[in-house]
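What follows is a short report on a single structure.
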Amino acid sequence: MAHILKTLNSWFWWENIWMPINCTWADFVDRDGLVFPKPQQLYVTIPYAFVLLIIRFFTERYVAIPLAKALGIKNVRRVKPQPNPVLESYFRECSRHPSQSEIQGLAKKCNCTVHLVEKWFRRRRNLEIPTVLRKFQEAFWRFSFYFASSIAGFIFLYDKPWFYDIWQTWVGYPFQAAKMFNYARWEKTCNMLFFIFSIAFFITRIILFPFWILRATLYQPTFYSTTPVIAYFLFNGQLLILQGLHLYWGYLIFKILKRFIFLKDLKDDRSDEEEEDSVTDNEEESTKNSNKNGCGSGKHLLTSGHH
């Protein structure tokens with residue numbers, strides 16, 4: 001087993017993948033006061049990942065939840081739809097948003113009203129959407145992580161030539177803070193933070209990243225070797241894909257800003273929102289009776305196919 005692991009390790013760190021011609025790992029041995037990064041130092045990220053998971057668990061539960069309650073965010077209980085094999089099968093295999101004619105067909109098949117079928121699909125869709133409290137927890141964790149990363153970057157890299165790289169992490173936490181205040185319905189604070197995020201995003205991701213980072217990774221290695229190694233194409237390919245995503249995200253941000261300027265509506269079309277679900281005692285009782293009459297039962301309905 002040890003021999004297999006050693007062989008795999010030698011294949012993974014093959015010098016033809018990572019090194020230019022006439023360069024070996026021996027050239028990166030510490031000497032004359034110079035200290036080089038070691039490939040095996042990457043292994044420390046594995047225990048760090050588990051530590052971050054533990055920190056995230058306690059942060060979301062014991063910091064984010066009390067903060068959300070202080071901001072007026074309540075943990076709303078989702079109303080689960082009555083069990084219905086026919087509607088559940090249709091929801092999973094056909095459509096989450098059936099048309100009116102499809103709803104009428106499903107209502108006939110389940111022997112219940114169109115209104116109850118619409119309500120069932122509305123409740124079922126809501127189950128797929130995280131609650132506002134859960135969204136706040138995730139946004140708070142990302143805000144905390146990006147903010148801590150930015151502070152650490154300023155502390156450790158302020159006098160290094162790659163100082164501007166830490167601006168890449170700085171972009172994250174104004175956006176997450178904007179989301180947090182949006183969930184708390186602090187609209188003015190949310191709008192202000194979103195504008196700060198937008199400015200930082202366009203400066204760092206649309207200007208600095210391509211003209212600073214990509215320029216360095218694409219062109220500077222050619223000064224040292226005219227024969228790029230596999231790692232050159234591997235890493236630069238990922239960076240170019242990332243820049244493509246930056247352009248796409250920038251387009252979405254521009255659309256949101258444009259709509260806000262002209263329509264005063266700062267809403268992201270991609271975000272899912274919980275649908276209104278008002279329930280009365282009579283409707284609940286009607287639902288239960290419909291289930292007894294066939295709306296939520298009957299395996300024979302499964303064999304009749306979809307409308």
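Couple of notes before you dig in:
- Any chance TYR164 is at pLDDT 80 or above and assigned to a helix (DSSP H, G or I): no
- Failed item in (1) closer than 29 Å to ARG142 by Cβ; (2) modelled with pLDDT under 90; (3) not β-branched (Val, Ile, Thr), with LEU52 passing the rest: (2)
- Just one of the listed residues (ILE4, ILE21) is of a type in the set (A, V, I, L, M) and touching a residue at least 60 places away in the same chain (Cβ under 8 Å), and it is ILE21.
- Helices (runs of 4 or more DSSP H) wholly inside the stretch 1-99 containing at least 2 residues that are out of contact with any His (no Cβ under 8 Å at 6 or more places or on another chain) and polar (S, T, N, Q): 2-12, 45-59
- Number of the exception - GLN243 against (1) out of contact with any Leu (no Cβ under 8 Å at 6 or more places or on another chain); (2) modelled with pLDDT of 90 or more: (1)
The values are calculated or read from the model by the stated rules, or taken from the named source; none is laboratory data. Remember, it's a predicted structure, so these values are computed and weren't measured experimentally. Ideal geometry is used to build each Cβ from the backbone, glycine not excepted, and the neighbour counts take in all protein chains shown.
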